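The values are calculated or read from the model by the stated rules, or taken from the named source; none is laboratory data. Since the structure is predicted, the reported quantities are computational estimates derived from the model, not experimental observations. Cβ: placed from backbone, ideal geometry, glycine included. Neighbour counts: every protein chain shown.
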């Protein structure tokens, strides 16, 4: 349920409500705005008795049930959009954020060259895998700790925020030392031990949709992270597995407006993994801006034909620079749309 406090309710009134919620055996999650506080309540118990009790409390404006199974990430819990801060940036705010870099960190030269180029071309965050989940156990698994150190060095040299994948709950603390944003890959979207650990990692989380996962399942996975203490989740559509073979996956671009109807969390798109084809990435990036996504995560490599992983979907430096130039007018229109009153937006 949601408890909406009256504008400028006192701290004593808010604390009294929180204490009463705890008495009923529920967990509390608060959003404190400039004028009012909204308190989310989750758990199992006598909801009707709790609602009736809380509605009579001083400072309470109204108490309502949340019908969605994903409580904290639903639009019922928070009507407006959430802007997730990553290294001074706001994903979901007034800027369209492009994250770019190689699939895997392969060497200092490779990651430094890439970071410098994508930063000069307009990217705001550097992506790169230090720990890599691969289909074959014989494929390159990543540079691990050394890769994390190189990512941090590249980020410090260019001012780019770092987003990198975490594969296990055992690695959360280590990766949080180096990354500004923790990425959960498609294969780990329902790794619930990992999701719970990320609830206490102190870093924003980029959560990718699983290969065969529904939108509801994606939101339930996000709920795990938020319910365990971390409200800073960015959702990522990266293609789903269907009968189609012309592309690696099927890019469910309709997920963007659907998610904007269901959740307050920001949504970014990954056309590189969705298509698996370099030539298809730029047009889908334009479509992502046009349909209202909050950002992109794109693979870029200085020499894709020599990449140890995902070379076929990685943009060359000239490809990326050209794509960013082509995106510029779309992003200007995107910013104008974001500046409209909230009622005019999806």
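Side notes on the structure shown:
- Given (1) touching a residue at least 12 places away in the same chain (Cβ under 8 Å); (2) loosely packed, with under 15 Cβ neighbours inside 10 Å; (3) more than 19 Å from the chain's Cα centre (by Cα), index of the condition residue 193 fails: (3)
- Every pair of residues 6+ apart whose Cβ atoms lie under 7 Å, when the first sits in the stretch 85-107 and is closer than 15 Å to residue 148 by Cβ while the second is modelled with pLDDT under 95 and assigned to a strand (DSSP E or B): 104/129; 105/129
- In the set 202, 229, 210, only one residue is surrounded by fewer than 23 Cβ atoms within 10 Å (Cβ to Cβ) and closer than 21 Å to residue 152 by Cα; that residue is 202.
- Leading residue by the ranking (nearest to the chain's Cα centre (by Cα)) among those in the stretch 254-306 that are assigned to a helix (DSSP H, G or I) and without any contact (Cβ under 8 Å) to a residue 24 or more places away in the chain: 283
- Answer residue from the stretch 28-57, given it is at pLDDT 80 or above and surrounded by fewer than 18 Cβ atoms within 10 Å (Cβ to Cβ) and is farthest from residue 230 (Cα to Cα) among those: 56
- Any hit, the stretch 81-95, residues being surrounded by fewer than 21 Cβ atoms within 10 Å (Cβ to Cβ), more than 30 Å from residue 323 (Cα to Cα) and in contact with a helix residue (DSSP H, G or I) (Cβ under 8 Å, 6 or more places away or on another chain): no
- Some residue of the stretch 179-186 being surrounded by fewer than 24 Cβ atoms within 10 Å (Cβ to Cβ), over 9 Å from the mean Cα position of the chain (by Cα), more than 20 Å from residue 294 (Cβ to Cβ) and touching a residue at least 24 places away in the same chain (Cβ under 8 Å): no
- Residue 246 being outside any strand (DSSP E or B), assigned by TED's automatic domain parsing to the domain that holds residue 295 and under 22 Å from residue 323 (Cα atoms): no
- Residue within the stretch 226-235 that is outside the structural domain of residue 30 (by TED's automatic domain parsing), farther than 19 Å from residue 186 by Cα, under 16 Å from the mean Cα position of the chain (by Cα) and outside any loop (DSSP other than H, G, I, E, B) present: yes
- Residue identified as surrounded by fewer than 18 Cβ atoms within 10 Å (Cβ to Cβ) and either in contact with a strand residue (DSSP E or B) (Cβ under 7 Å, 6 or more places away or on another chain) or modelled with pLDDT under 95 (or both) among 254, 312: 312
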